[in-house]
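Only one structure is covered here, and it is reproduced in the block below.
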Amino acid sequence: MKYRRLAKEQLEALHEDFSKFLALQQIDAKEWTDLKENQPEVAEQEIDVFSDLVWEKILNKVEYLEHISPNVLNLFKCNETNIERIVIESEIKDFSSQENIQWILDNLHEDKIQIMKGAKNYTKERNAELFDLIEKGAEFSKGELFEAILSNG
């Protein structure tokens, strides 16, 4: 398994897609019930393959990620061959509120705000690195904050 198995709730939400996936595997509803009861390890393998396909599809579309903690803001732009990162640290504002993030945007040049920018090539496959960031708490983003800081910083 390349990523992680989808949670039961996620699988239920993707029930229709999972049914289509099973149909492509030439497994109908009766066979699926039989697999779950008599060969649970094979059923789990099918769920794992489906989970990887879902994650792969999602990760292929990711352009930006954000990891926000109280005093550090990590913003990522996920390009094809490299990832750009903006790190903002502040001792005076808590990044967990939207109004404080707006304050940071309005005061980027304050001495108490540190901004670091950089880029690096992926050290492993792109989607695997993005998945690692998500597992560590990064969330999907539209990139508005990254681009605003890039243009103002």
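Readers should treat all values here as calculations from the given coordinates under stated rules, not as data from a laboratory. Keep in mind that this is a model prediction, so the values were computed, not measured. Every residue, glycine among them, receives a Cβ derived from its backbone with ideal geometry; neighbour counts consider all protein chains shown.
In segment 38-152, counting only helices (runs of 4 or more DSSP H) that sit wholly within it, the ones holding 3 or more residues that are in contact (Cβ under 8 Å) with a residue 24 or more places away in the chain and over 28 Å from residue 22 (Cα atoms) span 98-106, 144-152. Given the structure, is residue 51 polar (S, T, N, Q) and either more than 24 Å from residue 122 (Cβ to Cβ) or crowded, with 18+ Cβ neighbours inside 10 Å (or both)? Yes, satisfied.
Residue by residue, here is whether (1) over 27 Å from residue 54 (Cβ atoms); (2) among the basic types (Lys, Arg); (3) in contact with a strand residue (DSSP E or B) (Cβ under 9 Å, 6 or more places away or on another chain) holds:
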{"residue": "77", "(1), (2), (3)": "no, yes, yes"}
{"residue": "101", "(1), (2), (3)": "yes, no, yes"}
{"residue": "112", "(1), (2), (3)": "yes, yes, yes"}
{"residue": "148", "(1), (2), (3)": "yes, no, no"}
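The residues on offer are 143, 118, and the sole one that is among the small types (Gly, Ala, Ser) and either in contact with a helix residue (DSSP H, G or I) (Cβ under 9 Å, 6 or more places away or on another chain) or surrounded by fewer than 14 Cβ atoms within 10 Å (Cβ to Cβ) (or both) is 118.
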